[in-house]
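Only one structure is covered here, and it is reproduced in the block below.
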Amino acid sequence: MSRMSLALWPVFEDRHEHGLVDEGVVLLEFIEELDELAVAAGHAPLSDFAAVDDVPAEELWHGPTDAVATLDALVSAVGSAEWTAERDQESVLDCLQAFRVVVREAAARGTRFHLSLA
């Protein structure tokens, strides 16, 4: 059952559907912690891939390579002792892995993406 909450979702330039369900809700809930972990690991924060309303459409798109590197680092950090949130380690890890799959698929298709709040 899908939640009716604000969520972070990948949008692909080739208009491919991602098949994610509630993963974006969980990641948005922990975005600050995840961004801190990404930066600490030397990668772009996940929020850097989000679309910004006042940016022209042609500048919204990101290549998926950096996002995959960020997601790889986050999967590693959340799966280890670095994850300090008091709850939901398994849920956050599952959501990161699901996002990583769809972003890797975008890389394989050669398309760009951005993250959208919806």
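Here are the numbers for this structure:
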{"read-out": "Label zone at Asp53 (point 7 Å along Cα-to-Cβ), backbone N below 14 Å, segment 97-118", "value": "117-118"}
{"read-out": "With at most 12 other Cβ atoms within 10 Å, longest stretch of the chain clear of loop trypsin sites (Lys or Arg not before Pro) (DSSP)", "value": "16-86"}
{"read-out": "For segment 112-118, Karplus couplings with θ = phi - 60° (6.51, -1.76, 1.60), whole Hz, Gly/Pro x", "value": "9, 8, 8, 9, 10, 8, 8"}
{"read-out": "Helix runs (DSSP H) in the chain reaching 18 Å along axis by Cα, Kyte-Doolittle at least 0.5", "value": "64-78"}
{"read-out": "Mean Cα-pair separation over length for the chain, i.e. relative contact order, pairs under 8 Å, 6 or more apart, %", "value": "40 percent"}
{"read-out": "Gaussian network model of the chain, springs between alpha carbon atoms under 10 Å - residue of Glu90, Glu29, Glu13 with greatest fluctuation", "value": "Glu90"}
{"read-out": "Residues with amide H under 5 Å from that of Ala50, placed H, sequence gap 5 or more", "value": "Leu115"}
{"read-out": "The chain - mean residue ellipticity at 222 nm from DSSP helices (-39,500 (n - 2.57) per run, n ≥ 4, rounded to 500)", "value": "-14500 deg cm²/dmol"}
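Computed from the coordinates by the stated procedures, all read-outs in this text should not be read as laboratory data. Only a predicted model underlies this, so the values are computations on that prediction, with no experimental measurement involved. Neighbour counts run over all protein chains shown; Cβ positions are idealised from the backbone, glycine included.
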